[in-house]
Amino acid sequence: MRIDIFTLFPNMFDGPFGTGIFQRAISNQLVNINIHNIRDYTHDKHHIVDDYPYGGGTGMVLKPEPIFEAVESVKSDTGSEEELPIILLTPQGRLFSQAVARELSGYSHLILICGHYEGVDERVRQHLVTDEISIGDYVLSGGELAAMVVVDAVVRLLPGVLGSEASTQDDSHTTGLLQHPQYTRPAVYRGWSVPEVLLSGNHAQIAKWRREQAIRRTHERRPELLDKVNLTLEERQLVNRLKDSM
Ligand code: ADE
C-alpha cells in the first residue's frame, strides 16, 4: 500500500513511523509512506499557506491553491488508475472505526490531508477530497495525530504486517465485541492465578470461555455494542441474564 500524507508539520511524523510495526512494514516494503509539506507547493516569497476568512471571524483558513497543487502532483505521479481515496482529517468527518480501518485497508493507495487552523477552504472539500474522517468527538489542534491514528489502524491490518493473520482476528471491535482478558506467565503472580481453563489445553473450552468473557466485558463497558453483534441463542440468553442481574 502507498500512503501520501499532506501536512504543514512533516516532522511530527518522524517518531511514530520510525518505530515498531511501521519500521518493519516499511523495510519489508508492505507499505510506502510519503510525507509532503504543503508549504512546498506555494509560489510566493513567504510561502504563505493560510489567509483570513472571507466574511470575517477569528483564526485563519488554509488556502486552496497549495493543497490542490500538492495533491495533484501525487495524483499525476501515480496515474491514479483505481478510485483513489483523498481523505481530509477533520472533526466534521465521518467517525473512524475498526470497520472504516478495514475498508481503507482494501485500497492500494491512500491520500491523507491534515487540516489546520480554523479549517480548509471549502473548495478543497467540494472539489478535491473524496472522504472526510474524524477520529472522535473532540477537537485536536491539527489533523496530524488523527492521520497517525488512521494510518496505524490501517497498516496493522495489511497482510504480513503483524506476525500472523490471526493476530487481528480477536482484536476488540473486529468481532464487534471487546477483547477477552489475556494472561501470560507466571501462572501465579502475587497469589493471583491465571484462570484454570486457560491452562487446561482444551481448545474448545478455552474458546468458549474467551467468547463468554468478551460478551461479559462488552456488556459491562460498552453495552450498546451488543445490539449489533451476531450472538447465538445461548449467548443472547447470557446477555439477558447479565441485564437482569444489574
Ligand atoms: N482535526 C482536529 N480534530 C480532529 C479530529 N477529532 N479528527 C480528525 N481530524 C481532526
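The values are calculated or read from the model by the stated rules, or taken from the named source; none is laboratory data. Here the structure is a predicted model, which means the values were calculated and not measured. So basically every Cβ, Gly included, is an ideal-geometry build from the backbone, and we count neighbours across all protein chains shown.
For ASP121, state whether it is acidic (Asp, Glu), within 13 Å of the ligand (Cβ to nearest atom) and in contact (Cβ under 8 Å) with a residue 40 or more places away in the chain.
Spelling it out, it is not the case that ASP121 is acidic (Asp, Glu), within 13 Å of the ligand (Cβ to nearest atom) and in contact (Cβ under 8 Å) with a residue 40 or more places away in the chain.
Taking LEU95 as meeting all but one of (1) surrounded by 15 or more Cβ atoms within 10 Å (Cβ to Cβ); (2) in contact with a Gly (Cβ under 9 Å, 6 or more places away or on another chain); (3) within 30 Å of VAL161 (Cβ to Cβ), write down the number of the exception.
Looking at each condition in turn, LEU95 falls short on (1).
Look through region 85-118, keep the residues that are touching a strand residue (DSSP E or B) at 6+ places or on another chain (Cβ under 8 Å) and of a type in the set (Ser, Thr, Tyr), and return whichever of them is farthest from the ligand (Cβ to nearest atom).
SER108
Residue pairs, Cβ under 9 Å, 6 or more apart or interchain, first in region 10-21 and under 23 Å from TYR41 (Cα atoms), second hydrophobic (A, V, I, L, M, F, W, C) and surrounded by fewer than 17 Cβ atoms within 10 Å (Cβ to Cβ). List them.
MET12/LEU145
Filtering region 206-224 down to residues that are among the hydrophobic types (A, V, I, L, M, F, W, C) and buried (at least 16 other Cβ atoms within 10 Å of the Cβ), which residue is farthest from ARG241 (Cα to Cα)?
Checked region 206-224; the qualifying residue farthest from ARG241 (Cα to Cα) is ILE206.
Could we say that VAL161 is modelled with pLDDT under 95, under 16 Å from the mean Cα position of the chain (by Cα) and farther than 22 Å from ARG217 by Cβ here?
Considered against the rule, which asks whether it is modelled with pLDDT under 95, under 16 Å from the mean Cα position of the chain (by Cα) and farther than 22 Å from ARG217 by Cβ, VAL161 comes out as yes.
Quick one: how many residues across region 130-158 are away from the ligand (no atom under 14 Å from the Cβ) and over 16 Å from the mean Cα position of the chain (by Cα)?
Result for region 130-158: 1.
Do you know which residues across region 99-117 are touching a helix residue (DSSP H, G or I) at 6+ places or on another chain (Cβ under 7 Å) and either farther than 26 Å from GLN179 by Cβ or not hydroxyl-bearing (Ser, Thr, Tyr) (or both)?
Residues satisfying the conditions are ALA101, LEU104, HIS109, LEU110, ILE111, LEU112, ILE113, CYS114.
Go through LEU62, LEU110, LEU89 for me and flag whichever is buried (at least 19 other Cβ atoms within 10 Å of the Cβ), at pLDDT 95 or above and touching a Pro at 6+ places or on another chain (Cβ under 7 Å).
LEU110
When you go through GLY160, GLY136 one by one, which is the residue that is farther than 30 Å from TYR117 by Cα, touching a residue at least 24 places away in the same chain (Cβ under 8 Å), surrounded by fewer than 15 Cβ atoms within 10 Å (Cβ to Cβ) and out of contact with any strand residue (DSSP E or B) (no Cβ under 7 Å at 6 or more places or on another chain)?
Exactly one residue qualifies, and that residue is GLY160.
Could you identify the single residue in TYR52, TYR41 that is of a type outside the set (S, T, N, Q), more than 26 Å from VAL154 (Cβ to Cβ) and modelled with pLDDT of 95 or more?
Just a single option satisfies the conditions, and that option is TYR52.
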